[in-house]
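No lab work stands behind these numbers, since they all come straight from the coordinates. For clarity, every value in this text was computed on a predicted model and none was experimentally measured. When we count neighbours, we look across all protein chains shown, and the Cβ atoms used for this are built from the backbone with ideal geometry, even at glycine.
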Amino acid sequence: MKTVVVIGGGITGLSAMYELQKWKKANQADMKLVLVEASNQLGGKIRTVKQDGFIMEAGADSIVARKMESMPILEELGLEKEIVYNATGRSFIYADGELKPIPVDAVFGIPASIESLAKSTLVSAEGKVAALKDFYSKNETFTKNDSIGSFLEHFLGKELVEKQIAPVLSGVYSGKLSDLTIASTLPYLIDYKEKYGSIIKGLEANKQKFTGGERKFLSFQNGLGSLIDAFEEKLDEVEILLNSNVTKIEKEGSNYLVVLNNLEIIEADYVILSIPHTAAESLITDPDLSKDFAGLKNSSLISVYVGFDVPDSVLPADGTGFIAANTDELSCNACTWTSRKWEHTSKSGNLLVRLFYKSSHPSFASLKEMDQEELLNVALSDINKALGITAKPADSEITKWTEQMPNYLISHPKSVEALESKMAAAYPGVILAGCSYYGVGIPDCIENGIDSARKIIHTF
Ligand code: FAD
């Protein structure tokens, strides 16, 4: 009998186990499946908290609908009837002490028509005139390996980039625009500049690519945790060990000894390490791999939900949230009006908001040391300043994701490739999987979990 141990019960590990079990059942294979999870529940960065009529997602809150709908997994898990979609509405940027709407016709804050530029309330008249350079200048120097920040500033002007584009784009790609290349963000912009003579005209001509329908994201009536529960229910031939932290993996002949914190040892033929790369590195402890592991980077984020006993209608009617511009006024980077964007999260229709505090913000160094009460006070102050709400909170949920958000730098694919080949040579049968390597989105993790299982299946 062969034993497969999956370490880490997040969405990647669960998907891997699901695929392995499916194959085991179909082929009546003599295979033992063990899933080991350090915490007291499965799900990892997917964790739904239900409290006082609110549904709050400590980690991920939704899934890109287009990717998920094309996967058979939703039907297989019986979740189709529970799907809910986000409401769409306007997003704002908080700047100069007020909420200003991001112009309707904009892609990541970049105007996609001259009207969009003209109507912006985020940029001064001078800033708009500076952006017109885009229409009469040619690209003679920039390549896709240059910084997206310099490229946009050169053609659209500093003010438009700083006040309208950077707040949106930096949030999406988690980094300063000066540190991100055109290739790793919006490579098509350089092609548009070439083909249409203007970034704005290029976006306008290709508008249909960016409007992608109304229903962009999905979740489930009882939150994303339903996905985890559905997997757990299906894994009836898997031994699931919770509260079991793996402390070491030792090679013994062609097998591996997986050592748990209670000193129990599991002998495995195959191991999937669907845990963050820092955890994987500490289990393998191989100096030959440290340079490549060091090429993978993480950042931090604190998520703060606050629920109120006031109706959601206190917020601007068609809004779904705001991004904070580069300002000292707020400590948060962004705020989602959750009850507005996701109706299922507030049964009573009372206001629920979620604030994001990222390690890129200058206040983060002090925020990360704060306890929950102090963080709640920071959030209430931000809510008061930006939204004018002074009501007492009815509920809150605060989670620190310290060094848990993978950031894929330009060197990322090289580091992953090196790790893959060194692991295959030195530790055959041990597979690195999950968000540290192959994409952070939930559909990417599901796909990677399934692929990792298939690598093992193919050797049978
Ligand atoms: P994880 O979920 O990190 O699971 C790893 C598991 O391994 C954990 O359960 C951990 O306890 C366990 N573990 C670690 N070490 C050990 C050990 N030594 N022994 C045993 N077990 C161990 N993605 C989206 O698609 N949409 C979103 O809206 C979204 N929002 C996000 C918001 C936040 C705040 C965060 C943090 C992430 C978000 N993501 C989102 C990303 C997505 O949630 C993750 O990329 C994905 O869930 C990662 O799954 P995983 O299984 O690879 O890893």
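Under the simplified labelling scheme, the N206-A317 pair shows an inter-label distance of 3.5 nm, with each label point 7 Å from Cα along Cα→Cβ. Averaged over residues, the count of other Cβ atoms within 10 Å places the peptides 329-339, 180-190, 344-354 in the sequence 329-339, 344-354, 180-190, highest first.
Between the range 420-446 and the range 287-307, the alpha-carbon centres lie 16 Å apart.
Pairs of lysines 8 or more apart, or on different chains, with alpha carbons under 26 Å: count those in the range 374-460, would you?
Numbers: K385/K400; K392/K400; K414/K422; K414/K455; K422/K455.
Total qualifying Lys-Lys pairs in the range 374-460 comes to 5.
Between N245 and E267, what's the calculated FRET efficiency when r is the beta-carbon distance and R0 is 30 Å? Round to 0.05.
Efficiency computed from Cβ-Cβ geometry: 0.95.
Provide the net charge surrounding L241, with neighbours chosen by a C-beta distance below 12 Å and charges set as Lys +1, Arg +1, Asp -1, Glu -1. Mind showing how you got there, number by number?
On the way: positive: none; negative: E37, E239, E264.
Local charge sum for L241: -3.
Evaluated on the range 183-314, the Kirkwood hydrodynamic radius is 21.2 Å, with distances taken between all distinct Cα atoms.
Where does each of S381, S62, S198 land when they are ranked from fewest to most other beta-carbon atoms within 10 angstrom?
On the way: S381 13, S62 19, S198 22.
If I rank by nearby Cβ atoms, fewest first, I get S381, S62, S198.
Excluding V49 itself, calculate the net charge of residues whose Cβ lies under 13 Å from the Cβ of V49, where each Lys or Arg counts +1 and each Asp or Glu counts -1. Kindly include the intermediate steps, with their values, before the conclusion.
Numbers: positive: R47, K50, R354; negative: D52, E57, D61, D395, E397.
Spelling it out: positives minus negatives among the neighbours equals -2.
Of F364, F460, how do they rank once you tally other Cβ atoms within 10 Å and put the fewest first? List each step's numbers first, then the result.
Working: F364 18, F460 12.
Ordered from fewest to most neighbouring Cβ atoms within 10 Å, F364, F460 come out as F460, F364.
Spread over its residues, the convex hull of the C-alpha atoms of the range 100-213 is 95 Å³ per residue.
Would you mind ranking K234, K341, K291 so that the residue whose beta carbon has the fewest other beta carbons within 10 Å leads the list? Display every interim value, and only then the final one.
On the way: K234 17, K341 23, K291 12.
Least crowded to most crowded, the residues run K291, K234, K341.
Each distinct pair of alpha carbons in the range 321-436 adds a 1/r term; the inverse of their mean, the Kirkwood radius, is 17.3 Å. Rounded to the nearest 0.05, the FRET efficiency derived from the C-beta distance between D309 and E252 at R0 = 60 Å is 0.50.
Wrap a convex hull around the Cα atoms of the chain, take a quarter of its surface area, and give that in square nanometres. Show your work: numbers first, answer last.
On the way: hull surface 92.5 nm².
If I average the Cα hull's projected area over directions, I get 23.1 nm².
Dividing the helix sum by the residues of the chain, where each DSSP H run of 4 or more adds -39500 (n - 2.57), gives a mean residue ellipticity at 222 nm of -9500 deg cm²/dmol.
Beyond 15 Å, how much of the Cα-Cα pair distribution for the range 103-159 remains, as a whole percent?
Values: 787 of 1596 pairs.
Across the range 103-159, Cα pairs with separations above 15 Å total 49 percent.
Taking amide H as placed 1.01 Å from N in the peptide plane, the amide H of Y94 sits under 5 Å from that of K100, I323, A324, A325, each at least 5 places away or on another chain.
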